[in-house]
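The values are calculated or read from the model by the stated rules, or taken from the named source; none is laboratory data. The structure displayed is predicted, hence computed values, not measured ones. When we count neighbours, we look across all protein chains shown, and the Cβ atoms used for this are built from the backbone with ideal geometry, even at glycine.
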Amino acid sequence: MNLKNITADKLVALYKNGDLSVTEVIRSVFDEIDRTDKDVHAYITLCKERAFEDARRIDSKIAAGESLEPLSGVPVAIKDNMALRDVPTSCGSKMLEGYTPPYTATAVERLRTAGAIVVGKTNMDEFAMGSSTENSAFFATRNPHNLDCVPGGSSGGSAAAVAAGMAMISLGSDTGGSIRTPAAFCGVAGIKPTYGRVSRYGLVAFASSLDQIGPFAKSVRECAQALEVICGFDHFDSTSADIPVEPLLRDLEHSVKDVRIGIPREYFIPGMDPEVKARLEKCIKVYEDMGCKLEEISLPHTEQAIATYYLIATAEASSNLARYDGVRYGVRKGGDAGLNDMYRKTRMNGFGKEVKRRILLGTYALSAGYYDAYYLKALKVRTLILQDFRKAFERVDMILTPTSPTVAFRIGEKADDPLSMYLSDIFTITCNLAGLPGISIPCGKNSAGLPIGMQLLANHFQEALLLRAAFNFEKAFLVQ
Amino acid sequence: MKITETEVEYVAKLANLEVHEDERAELAEQLSRIVEYVEQLNKVDVSSVEPTTQILDGIKHAVRDDRVAARTGSSDAGKTVKLFKVPKVITER
């Protein structure tokens, strides 16, 4: 059983007909992990015992003729910043060593209630801070398309697991592109929903006004299936949106004729990989051929987005990560010279370089004398970025951009230059600052065989439109 | 603006972080570059712009009733760990 050659709905249908047992599929997934993950390093923790237990339970349901859930027996992977009860959650950090959450995140719980089987927890940049999954405290994940390249980040393990057929669907989290960039680099689909659409309960907080959970899958339909299951209001997240969820699968195949698509001129920057640019021009043509109306638009504050993002995200992170002080979670160091000594020694030993750098930057931006000049200023520019999108969505229904200015870069290439790593997020972070939904889907490969991603953005809560447009593209593209 | 090693030390203290002496110079250099980069925001006129803290109009923060509520697979927090032991907080003069 190769997960790359079968979709989730077909798999569930095979189970229903008794053509395949869940146990044998789960066994083949772990065989694939044994073969592949020694090179890719997508997983931090495997949940083998639990997965086989789940599989046996579903198999006996099938034998008893009971009805199945939409994702019954579908093997899924979870980014290691989401809680799954009784399984360690590391966040890619030494800080949480030995921490096992006593509860399960809402999004993970909903996947499990829909029948999905968690096979493991995936690698990530420490506390989701990074764009390459090289910042994990344990090991770097490699891109299944070329093991010398990064898978993107910070949800690199989740993207690589799906791309390598080691899971059918996976969950990631996206604060500034952490789902869409790895999706693009690994050649899979990944969607970041509207802020508040998916509950963040049980997601380790990085930047609370930006974080959002979303799924990866090899196809748009599977992405839609997973999102339909995990989204919706949750009492346990105070920022969860209490507004009805549109059905995501119902109209997936409807035409996108007459949909208006904007191409922001600010996103076609100098320094963009010419192969990515050429590919994007082909994508535009695909939509034109489907009867969409394309027009150039302007998002004038795009240039300020990275600066705005790195002030807001680090400020929020410096506050969120204050809780890791050796008292309640994971490791504890020092303490001979009292409580403050314990705090400082624990944090010095527990956090990696990039996390410390961001905590320092965020603390600096919030500190007396600099708050107005940096943090407050960034919140105001955020308003302007939001207004840019509001204006744009008066004229168009969707916005089409590259997901990343380049394809996957080589491991180590940007590791010593934090600023150049930050700049690689240029096309994905505006979406988080404005709270919009965004999807990255594969749109071909470059001459070296590395995947290129196309990004679509839509107005708040327009996930159904986004998925429909992505589905239609995928269909047209496969025909080509 | 250049961030000095003294400032790195000061901010580290605010953040309850200890920064090794040999890391200080590199951090000061990296943070200076990042701060210089973010200072491009000074070019933007925000004199009549309100800050954004909540993105979605009309979505109010959901606050539930202050009752103990069970949920599927509910948490064992508080059952397993009742107390956290920490080093001495108050020292004699």
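Here is how the numbers come out for the structure above:
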{"read-out": "Criterion: surrounded by fewer than 17 Cβ atoms within 10 Å (Cβ to Cβ) and within 30 Å of residue B:11 (Cα to Cα) - qualifying residue of A:323, A:332, A:344, A:265", "value": "A:323"}
{"read-out": "Residue within region A:53-60 that is crowded, with 16+ Cβ neighbours inside 10 Å and of a type in the set (Ser, Thr, Tyr) present", "value": "no"}
{"read-out": "Contacts under 7 angstrom Cβ, first residue in region B:1-14 being farther than 15 Å from residue A:344 by Cα, partner polar (S, T, N, Q), 6 or more apart", "value": "B:2/B:32; B:3/B:32"}
{"read-out": "Which listed residue, of A:211, A:148, is within 14 Å of chain B (Cβ to nearest Cβ) and at negative phi", "value": "A:211"}
{"read-out": "All positions within region A:308-345 that are touching a residue at least 24 places away in the same chain (Cβ under 8 Å), at the interface with chain B (Cβ under 10 Å from one of its Cβ atoms) and in contact with an Asp or Glu (Cβ under 8 Å, 6 or more places away or on another chain)", "value": "A:309"}
{"read-out": "Residue within region A:239-258 that is farther than 29 Å from residue B:54 by Cα and touching a strand residue (DSSP E or B) at 6+ places or on another chain (Cβ under 7 Å) present", "value": "yes"}
{"read-out": "Total residues in region B:1-22, condition part of a helix (DSSP H, G or I) and more than 8 Å from chain A (Cβ to nearest Cβ)", "value": "7"}
{"read-out": "For residue A:127: the one exception among (1) within 18 Å of the chain's Cα centre (by Cα); (2) closer than 18 Å to residue A:227 by Cα", "value": "(2)"}
{"read-out": "Residue that is on the phi < 0 side of the Ramachandran plot and touching a strand residue (DSSP E or B) at 6+ places or on another chain (Cβ under 6 Å), where the choices are A:143, A:135", "value": "A:143"}
{"read-out": "Qualifying position, being surrounded by 18 or more Cβ atoms within 10 Å (Cβ to Cβ) and more than 7 Å from every other protein chain (Cβ to nearest Cβ), among A:361, A:366", "value": "A:366"}
{"read-out": "Tally, over region A:268-292, of residues that are over 27 Å from the mean Cα position of the chain (by Cα) and surrounded by 15 or more Cβ atoms within 10 Å (Cβ to Cβ)", "value": "2"}
{"read-out": "Test: residue A:140 is surrounded by fewer than 24 Cβ atoms within 10 Å (Cβ to Cβ) and either out of contact with any Phe, Trp or Tyr (no Cβ under 6 Å at 6 or more places or on another chain) or at pLDDT 95 or above (or both)", "value": "yes"}
{"read-out": "Meets criteria (farther than 29 Å from residue A:185 by Cβ and not in a helix (DSSP H, G or I)) for residue A:24", "value": "no"}
{"read-out": "Which numbered condition residue B:92 misses (of (1) modelled with pLDDT of 95 or more; (2) more than 9 Å from chain A (Cβ to nearest Cβ))", "value": "(1)"}
{"read-out": "Region A:218-250, residues that are within 12 Å of chain B (Cβ to nearest Cβ) and not small (Gly, Ala, Ser)", "value": "A:233, A:234, A:235, A:236, A:237, A:239, A:242, A:243"}
{"read-out": "Residue within region A:387-398 that is facing chain B (nearest Cβ under 8 Å) and crowded, with 22+ Cβ neighbours inside 10 Å present", "value": "no"}
{"read-out": "Selection count, region A:30-60, where residues are out of contact with any helix residue (DSSP H, G or I) (no Cβ under 9 Å at 6 or more places or on another chain) and over 30 Å from residue A:125 (Cβ atoms)", "value": "2"}
{"read-out": "Residue, farthest from the other protein chains (Cβ to nearest Cβ), within region A:369-384, restricted to residues that are surrounded by fewer than 22 Cβ atoms within 10 Å (Cβ to Cβ) and in contact (Cβ under 8 Å) with a residue 24 or more places away in the chain", "value": "A:375"}
{"read-out": "Positions within region A:320-351 being under 28 Å from residue A:379 (Cβ atoms) and not basic (Lys, Arg), in sequence order", "value": "A:320, A:321, A:322, A:324, A:325, A:351"}
{"read-out": "The listed residue being assigned to a strand (DSSP E or B), in the same structural domain as residue A:391 (by TED's automatic domain parsing), out of contact with any Asp or Glu (no Cβ under 9 Å at 6 or more places or on another chain) and surrounded by 23 or more Cβ atoms within 10 Å (Cβ to Cβ), out of A:436, A:456", "value": "A:456"}
{"read-out": "Some residue of region B:52-61 being at the interface with chain A (Cβ under 8 Å from one of its Cβ atoms) and modelled with pLDDT of 85 or more", "value": "yes"}
{"read-out": "In region A:263-302, the residues that are closer than 19 Å to residue A:210 by Cβ and out of contact with any strand residue (DSSP E or B) (no Cβ under 9 Å at 6 or more places or on another chain)", "value": "A:301"}
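Quick grid of which residues meet (1) in a helix (DSSP H, G or I); (2) within 25 Å of residue A:75 (Cα to Cα); (3) in contact (Cβ under 8 Å) with a residue 24 or more places away in the chain; (4) touching a Lys or Arg at 6+ places or on another chain (Cβ under 8 Å):
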{"position": "A:215", "(1), (2), (3), (4)": "no, yes, yes, no"}
{"position": "A:235", "(1), (2), (3), (4)": "no, no, no, yes"}
{"position": "A:240", "(1), (2), (3), (4)": "no, no, yes, yes"}
{"position": "A:246", "(1), (2), (3), (4)": "no, no, yes, no"}
{"position": "A:251", "(1), (2), (3), (4)": "no, no, yes, yes"}
{"position": "A:255", "(1), (2), (3), (4)": "no, no, yes, no"}
{"position": "A:279", "(1), (2), (3), (4)": "yes, no, yes, no"}
{"position": "A:284", "(1), (2), (3), (4)": "yes, no, yes, no"}
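Residues checked against (1) touching a helix residue (DSSP H, G or I) at 6+ places or on another chain (Cβ under 6 Å); (2) surrounded by fewer than 21 Cβ atoms within 10 Å (Cβ to Cβ); (3) at pLDDT below 95:
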site: A:411; (1), (2), (3): no, yes, no
site: A:415; (1), (2), (3): no, yes, yes
site: A:431; (1), (2), (3): no, no, no
site: A:445; (1), (2), (3): no, yes, no
site: A:448; (1), (2), (3): no, yes, no
site: A:472; (1), (2), (3): no, no, no
